[in-house]
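A short worksheet on the structure shown next.
The values are calculated or read from the model by the stated rules, or taken from the named source; none is laboratory data. Nothing here was measured: the structure is a model prediction, and the numbers come from that model. As a convention, Cβ positions derive from the backbone with ideal geometry for all residues, glycine included, and neighbour counts pool all protein chains shown.
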Amino acid sequence: MTVTNNMQVNIDRLKRTIDKSAQIGEIPGNGLCRLALTKEDKEMRGLFLEWMENVGLTTRVDDFGNIYGRREGLSDLAPVVIGSHLDTQPNGGRFDGILGVLAALEVIHTLNDNGIETDRPIEIVNFTNEEGARFEPPLLGSGGLVGVFDKEFVYSRKDNAGKTFEEELNKIGYKGSIKNRLQRIHSYIELHIEQGPVLENKQIAIGAVEGIKGMTWLEIKVSGESGHAGPTPMAMRRDALMAASKLFVHIEEKAKSSDEDISMTIGRMSIYPNVANCIPGEVVFSLDVRHIDDQVRKEFVAEIKEEMEQICQQEQVQLEITDLWDINATAFHPEIIEQIVKSAKEFDCSVTRMVSGAGHDAKYINQIAPTGMIFVPSIGGKSHIESELTLDDDIEKGANVLLHCVLQLSGKEELTTKIKESIH
Ligand SMILES: [Zn+2]
């Protein structure tokens with residue numbers, strides 16, 4: 001294989017595919033609503049298959065609806081795999097996931113234009129239901145593929161209308177064969193928008209993602225006593241909301257003072273009876289805690305559990321904590337991270353190593369193959385919203401870094417760490 005260092009993607013062609021994708025499920029404000037396994041998803045999948053066939057890829061669909069396109073290499077070694085997801089949030093943007101899939105397609109175009117043959121085959125992929133906006137939990141396609149979720153679990157997930165994943169997969173005609181799953185993977189690289197403000201703030205073009213933060217989700221119930229807002233004297237109240245407010249303040253202060261990389265979010269809350277002239281008798285809220293170091297996260301969670309108990313005792317209310325999720329951090333493969341940094345430098349792109357606060361398909365693929373992610377800046381850090389934006393210049397840089405990583409990896413015999421190939 002000849003590596004041509006000045007080889008570059010065609011940004012105009014890549015932008016045209018992004019614009020075309022942005023018409024499928026378009027909503028006001030430049031956004032997209034393309035929930036997994038809907039008719040919009042079906043339309044986008046059809047177009048994606050057509051595009052892949054036009055560039056000479058051999059396409060296939062597996063039993064989770066994941067779509068692959070394969071470009072043969074000079075040898076029959078395990079392929080370099082690149083891609084992401086084409087589904088969106090209900091009020092999503094036009095780049096989240098989509099950029100990674102369409103940049104992968106552009107990589108193939110560019111290799112074809114330059115007459116490049118690689119040693120390893122290259123496969124591009126669109127994973128099903130990454131967002132989890134229609135079928136919970138997220139990452140069902142990649143999680144099913146690597147065995148985090150078994151097939152019965154994936155197929156039985158229901159949307160709000162009670163329709164199952166399997167029914168809807170059948171309905172749009174994308175229930176493929178188990179034989180079509182990725183059999184072998186040399187390495188996986190996912191280009192994705194950052195979805196946070198760090199790269200833009202630091203004015204850096206490329207993030208070489210070292211890993212994904214681990215996450216704990218708790219549901220916390222505070223029970224006091226309801227009563228009439230007028231006659232009950234303040235000193236005699238057991239107001240669940242006032243007690244919960246003390247918990248909120250305490251958790252936030254502790255997070256800010258203990259470790260600057262801890263993220264804590266209370267994103268959901270219900271108050272009972274939720275009436276203006278009634279003292280709240282019960283409050284239920286969620287708590288999401290993330291950190292790249294599992295030990296730091298676990299200690300933080302253990303401490304706040306104890307401290308919340310103390311505060312609730314002082315406030316004379318009851319506390320009940322339910323553990324909803326506990327997911328350890330992901331560390332991507334050192335050689336892939338290094339390759340991303342190297343390719344960025346070759347392209348004169350500013351680059352920084354960073355961690356991801358959000359989950360991605362790469363998290364699960366990392367369990368079966370050496371994996372890495374390339375981040376490009378999100379303007380204002382905005383994502384999962386119509387106004388999500390990544391500038392053309394950054395898209396071009398990200399796609400070029402992806403191209404050069406693929407060129408390097410597809411010519412390598414082995415990565416130094418033993419490659420765990422998928423057993424499917
Ligand atoms: Zn995404």
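For residues in region 360-381 being surrounded by fewer than 21 Cβ atoms within 10 Å (Cβ to Cβ) and of a type in the set (Gly, Ala, Ser), which is farthest from the ligand (Cβ to nearest atom)? Ranking the candidates gives GLY380 first.
Quick check on LEU182: is it of a type in the set (A, V, I, L, M) and within 16 Å of the ligand (Cβ to nearest atom)? Taking the combined requirement at face value, the residue does not satisfy it.
This table checks each residue for (1) away from the ligand (no atom under 16 Å from the Cβ); (2) surrounded by fewer than 19 Cβ atoms within 10 Å (Cβ to Cβ); (3) under 20 Å from the mean Cα position of the chain (by Cα); (4) more than 30 Å from PRO280 (Cα to Cα).
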| site | (1), (2), (3), (4) |
| --- | --- |
| VAL146 | yes, no, yes, yes |
| ARG157 | yes, no, yes, yes |
| ASN170 | yes, yes, no, yes |
| SER177 | yes, yes, no, yes |
| TYR188 | no, no, yes, yes |
| PRO197 | yes, yes, yes, yes |
| ASN201 | yes, yes, no, yes |
| THR216 | yes, no, yes, no |
| THR232 | yes, yes, no, no |
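If you go through region 129-144 and pick out every residue that is within 13 Å of the ligand (Cβ to nearest atom) and in a loop (DSSP other than H, G, I, E, B), you end up with 7.
Within region 283-319, restricting attention to residues that are assigned to a strand (DSSP E or B) and under 25 Å from the mean Cα position of the chain (by Cα), which residue is nearest to GLY211 (Cα to Cα)? Filtering first and then ranking leaves HIS291. So which residues in region 183-226 are touching a Pro at 6+ places or on another chain (Cβ under 8 Å), touching a residue at least 60 places away in the same chain (Cβ under 8 Å) and part of a loop (DSSP other than H, G, I, E, B), if there are any at all? Within region 183-226, ARG184, ILE185, HIS186, GLU194, ILE204, ALA205, GLY224 qualify. Residues considered: ILE271, ILE340, ILE262. Of these, the only one that is buried (at least 16 other Cβ atoms within 10 Å of the Cβ), under 21 Å from the mean Cα position of the chain (by Cα) and free of Cβ contacts under 8 Å to residues at least 40 places away in the same chain is ILE262.
Number of residues in region 342-385 that are at pLDDT 95 or above and of a type in the set (Asp, Glu) equals 1.
Filtered by the rule that a residue be of a type in the set (Ser, Thr, Tyr) and more than 12 Å from ILE271 (Cα to Cα), region 212-242 gives THR216, THR232. Looking across region 111-144, the residues that are among the β-branched types (Val, Ile, Thr) and surrounded by fewer than 24 Cβ atoms within 10 Å (Cβ to Cβ) come down to ILE116, THR118.
Among the residues of region 36-50, those identified as assigned to a helix (DSSP H, G or I) and out of contact with any Leu (no Cβ under 6 Å at 6 or more places or on another chain) are LYS39, GLU40, ASP41, LYS42, GLU43, ARG45, GLY46, LEU47, PHE48, LEU49, GLU50.
Under the condition of being more than 9 Å from the ligand (Cβ to nearest atom) and among the aliphatic types (A, V, I, L, M), which residue from region 81-98 is farthest from the chain's Cα centre (by Cα)? So, considering only residues that are more than 9 Å from the ligand (Cβ to nearest atom) and among the aliphatic types (A, V, I, L, M), the one farthest from the chain's Cα centre (by Cα) is VAL81.
Just need a number here: residues in region 343-358 that are assigned to a helix (DSSP H, G or I) and either among the polar types (S, T, N, Q) or buried (at least 17 other Cβ atoms within 10 Å of the Cβ) (or both).
2
Within region 57-80, residues that are free of Cβ contacts under 8 Å to residues at least 12 places away in the same chain reach partners that are surrounded by fewer than 21 Cβ atoms within 10 Å (Cβ to Cβ) with beta carbons closer than 7 Å, at six or more positions or on different chains, in the pairs THR59/LEU49; THR59/GLU53. Residues in region 148-178 that are without any contact (Cβ under 8 Å) to a residue 60 or more places away in the chain and under 26 Å from VAL80 (Cβ atoms): 1 in all.
Among the residues of region 103-118, at least one is modelled with pLDDT of 95 or more, within 30 Å of ARG13 (Cα to Cα) and within 16 Å of the ligand (Cβ to nearest atom).
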